[in-house]
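Participant: The structure that follows is given in the form of C-alpha cells.
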C-alpha cells in the first residue's frame, strides 16, 4: 500500500475518465490517471502506481530501480498480486450482474469468465 | 544473500558508510526516527543497523497506517457491515487486522460479505455490480492513498452512485510527527522523512517542523543507498547545528508535491478536530473526514456507528514500541503470544509494522553487512 509500483503506459483510455492501460512486468491492467493531470502522461511514459492510481511520472531508469527495490524488499509478489487485482473479475464483482466495464481491455480474460 | 550484487552502487554504499563513521562523534548518541513503515521494513531487511556505528539509533516511527489504527475503528467498520445487505470492502492489508470481535477475515468466515479490493475505484465497481447492496469501503492510509479515495468519492458523486460509502480512516503525517516531538519521553535528533507520502505532500509541510522544532528532516528513498545517504545528510546537518528540510529522493519527490492530488484531498476531505492513534493517543487535527458536500458517501453519517473504544491487551506494549520507547523484543508478548501468525497487536500484522519486521529479520545477517563491512 505504501510502496509504489512502477508501470509503463501502453494505452490511453480517455473515454473512461482519465485511465490508461499500464504494463507492470508483463501484467497489463487499467490504472487511473486522474491525479497526474499536470504531468500530461502519454504512451511510453513510466509512472509510479499506488492502489490503482498513477501518482507520479518517473524515468525508465528509476522505474527499473523501483522494481529492483521491491524485489530486494521481498515485496515483488505482493506488488504483482496487487496489480493483478486491479479491476475485478466478473466473479469477484458478485453473484449477479456483470459490470460492463469488466470486459475492458485492461483486464484480459475477464469477459470470458 | 542472493541479492548481494543487486544493490545499486556497492562502492558508493561503502563510501557513504565510511563517511557516516567519520562524521559520527564517539561520545554522542544519535536518535534518528524513520517515520515511514516502508523505511522500517527496508532498514530491517537490509540490516542497516549492522553497518551503522552503534551510537546511531534508528527509532521506528508511526508511519504504518494499519499499525496506528485504533482497534475500535475496525469493530466500528465491522458493525456497519454486519447490517443486512452491506458489503465490507478493504485493501488486503486490513483483512487480518484484529478488532475486538475478530478480524474482517474471521467475520467473513462467520458469513459477512467481505471483499478484498486493490484500489478504491474497484469498490465503486463492486457497488455497480451489486445494485441491491451497499458497498462500504474501509479507507485507510496516509497521504499516499488518501487522494485516491478522494477522487473515488468525487466520481461516486458525479455518477450519483447511491449504494457506496467510505468509512474514512485516513490520517496525516505531519501532526503525528509533531505529537512525537511533544511527547516528553522522546528525544529525537532528526527525521528520515517518508518517501511516497512526500510525492503527494511535497517537502514544504516539513519546513514548519524544521524551523519551529529545530530538527533536521531528510525525505528519503527506499534503497540501501538512499537510506544511508539520508542518514549522512542528517549527520552533516547535526554536526553543523542546522535544522532544515532536504530532499534526498529528488528523482521521485517534487518539492511542491502533487498538486492535483492535494486539490482532490482538499475538495473532498476536511480535518477532524481530533482522532485517536493507537499508541499515541488522541492527536488534534490529525485525520480526515468527508466534507458536508459528500455526507451521502460518508459511512459514518449514513449509518449509526457504535463508536467502539477498545483498549489493547494489558500485557501488550504496542504504544511504547510505537513511540520508540521500547524495542519490539522488549515487549512481554513479543514472539510468544504475539507472532505474525497470531498477531495480538497491529505492529505484528503488517510487514511495515516494526514488530513484524523485527521478528522476520532479527537474526538475519544480511548481504549488505557483508558488502559494506561491519564498522569496527
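Participant: For the protein assembly as shown, what D do you get in µm² per second when you plug the Kirkwood radius from alpha-carbon pairs into Stokes-Einstein at 10 °C and 1.306 mPa s?
Facilitator: Translational D for this selection: 69 µm²/s.
Participant: Between residue B:182 and residue B:295, what is the FRET efficiency for a Förster distance of 41 Å, r being their Cβ-Cβ separation, to the nearest 0.05?
Facilitator: The computed FRET efficiency comes out at 0.80.
Participant: A follow-up question, please. So what is the relative contact order of chain B, in percent, for Cα pairs below 8 Å that sit 6 or more residues apart?
Facilitator: Answer for chain B is 25 percent.
Participant: Sticking with this one: With a Cα-only, solvent-free Debye model of chain B, what are the log10 I(q)/I(0) values at q = 0.09 Å⁻¹?
Facilitator: Evaluating at q = 0.09 Å⁻¹ gives log10 I(q)/I(0) of -0.53.
Participant: At 222 nm, what value in deg cm²/dmol follows for chain B if DSSP H runs of at least 4 each add -39500 (n - 2.57) and the sum is divided by all its residues, to the nearest 500?
Facilitator: -11000 deg cm²/dmol
Participant: Zone of residue B:360 (label point 7 Å along Cα→Cβ, backbone N under 14 Å): which residues in region B:45-77?
Facilitator: Label zone hits: B:45-47.
Participant: Further, regarding this structure: How many nm is it between the label spots at residue B:85 and residue A:40, if each spot is 7 Å from the Cα in line with the beta carbon?
Facilitator: Modelled inter-label distance: 4.8 nm.
Participant: Report the Cα centroid-to-centroid distance between region B:173-195 and region A:19-85 in angstrom, as an integer.
Facilitator: 30 Å
Participant: Okay, moving on. Which angle between 0 and 90 degrees, to the nearest 10, do you get for helix B:173-182 versus the longest principal axis of chain B when only C-alpha atoms count?
Facilitator: Helix B:173-182 and the main axis of chain B meet at about 60 degrees.
Participant: Now a separate question. For the residue pair residue B:212 and residue B:339, what label-to-label distance in nm results when each label sits 7 Å from Cα along the Cα-to-beta-carbon direction?
Facilitator: 4.6 nm
Participant: Using per-residue counts of other Cβ atoms within 10 Å, averaged over each peptide, order B:162-170, B:83-91, B:130-138 from highest down.
Facilitator: B:162-170, B:130-138, B:83-91
Participant: Right, here's the next one. In nm, what is the difference between 0.36 nm times the number of residues separating residue B:282 and residue B:320 and their Cα-Cα distance?
Facilitator: Full-extension gain reported as 12.2 nm.
Participant: A further question follows. Work out the FRET efficiency for residue A:80 and residue A:11 from their Cβ-Cβ distance, taking R0 = 25 Å, and round it to the nearest 0.05.
Facilitator: Step by step, r from the Cβ atoms, then E = 0.80.
Participant: Which distance in nm do the two modelled labels at residue B:25 and residue B:159 give, with both placed 7 Å along the Cα-to-Cβ direction?
Facilitator: 5.9 nm
Participant: Rg and Dmax of region B:168-272 over Cα atoms: what are they, in angstrom?
Facilitator: In order Rg, Dmax, the Cα atoms of region B:168-272 give 14.2, 43 Å.
Participant: Can you bin region B:245-319 into rounded, prolate or oblate? Criterion: square roots of the alpha carbon gyration tensor eigenvalues sorted a ≥ b ≥ c, rounded for a/c under 1.5, prolate for a/b above b/c, oblate for the rest.
Facilitator: oblate
Participant: Suppose R0 equals 35 Å. What FRET efficiency, 1/(1 + (r/R0)^6) with r the Cβ-Cβ distance, do residue B:267 and residue A:61 give to the nearest 0.05? The partial results should precede the final answer.
Facilitator: On the way: r = 34 Å, r/R0 = 0.98.
It comes out at approximately 0.55.
We did not get these values from a lab; they are worked out from the coordinates using the rules stated. Note that the structure is a prediction, hence the values are computed from the model and not measured. Neighbour counts run over all protein chains shown; Cβ positions are idealised from the backbone, glycine included.
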